[in-house]
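Read through the structure below, which is laid out as structure tokens, and then see the notes.
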Amino acid sequence: MRFQFVLGEVVSGLRRNTTMVVAVVLVTFVSLTFVGAAALLQAQIGKLKDDWYDLVEVSVFLCPEGSVSPTCATGEATDDQIDAVRQVIDTELSSQVSKVYFESKQQAFEAFSERYPDGYQGTQLTADDMQASLRLKLTDAEQFAVVSDVLSGRDGVEIVEDQRAVFEPLFRTLNVATLLAAGLAGVMLLAAVLLITTTIRLSAVSRRKETEIMRLVGASNLFIQLPFLLEGALAAVLGSLLAGGGLWLAVRFMVSDWLERSVDWVAYVSEVDVFRVAPLLVVMAVALAALSSFFMLNRYTRI
């Protein structure tokens, strides 16, 4: 009997404030869509790092002829200098480096020719113009600073280069996009809280007489406030479900059906990631409704 009464009050409240309820649903939908987008962007960054950081290498470029580097004062790196660098890698850096291979000038030229078959910026180069190097595969890509400190400044080594630097601008851009999405989500969440608060207040004021009667007959605060709580929660949860559905559609059609077919060498977020984020959106929606209700119900259900 009590459940039917509460349910009837919820339905009545939703009918009386249809416009405000729709506004709550839409604002919650937009705000939680930004929250979900920020979470998916972070998941995408994690996937890219997991894939690409495993592929990147540290390049130890050996001294070419004519280099002005102080470590290249004797000219092109000699076999003894290369062997000395290898020895340091095998001993001091054995725990940081998992694989080492030597790329000769000729091998560098062959790789260059495949990438630039017509020459670089109109200039035709030869194998003698290339630079020999040692390519290091690290056990942990984050350990570049240790490797660089040990190898930089040694005779025969011109420069130590981390290939991760190629990807850092992309990751920074994605991180900025995540922050922007999170910032917009914060603004929209605040708007959602204010709207839910206003909806609850209007609903409470419109049912002031019913509230007074219920209090006179001994109804508890929880029983009086429960219909208002459920109204706000239902509107917010509906908005979160729409946000989850919107994110699923975006990932399904824009990522899985389009991006993965156009650029298939990149790991993308999937619908599974959306399903992982969706419960968080529902929890946030309930928290929004509870927060809004906490500030308004004690005042407006005591009139």
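Every number in this text was worked out from the coordinates using simple rules, so none of it is lab data. All of these numbers come straight from a predicted model, not from anything done at the bench. As a convention, Cβ positions derive from the backbone with ideal geometry for all residues, glycine included, and neighbour counts pool all protein chains shown.
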Checklist entry - Under a point-charge model restricted to the Cβ atoms of Lys and Arg (+1) and Asp and Glu (-1), what is the dipole moment magnitude of the stretch 58-164 relative to its Cα centre, in debye to the nearest 20? => result 260
Item to check | Burial ranking of peptide ranges 25-34, 250-259 (average Cβ count within 10 Å, highest at the top) | outcome: 25-34, 250-259
Checklist entry - How compact and how long is the stretch 58-164, expressed as Rg and Dmax of its alpha-carbon atoms in Å? => result 14.3, 43
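Per 0.36 nm of contour for each residue apart, how much would the distance between residue 155 and residue 261 grow if the chain were fully extended, relative to their Cα-Cα spacing?
Taking 0.36 nm per residue and subtracting the Cα distance, the gain is 33.4 nm.
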Checklist entry - Cα centroids of the stretch 72-119 and the stretch 169-189: how far apart, whole angstrom? => result 40
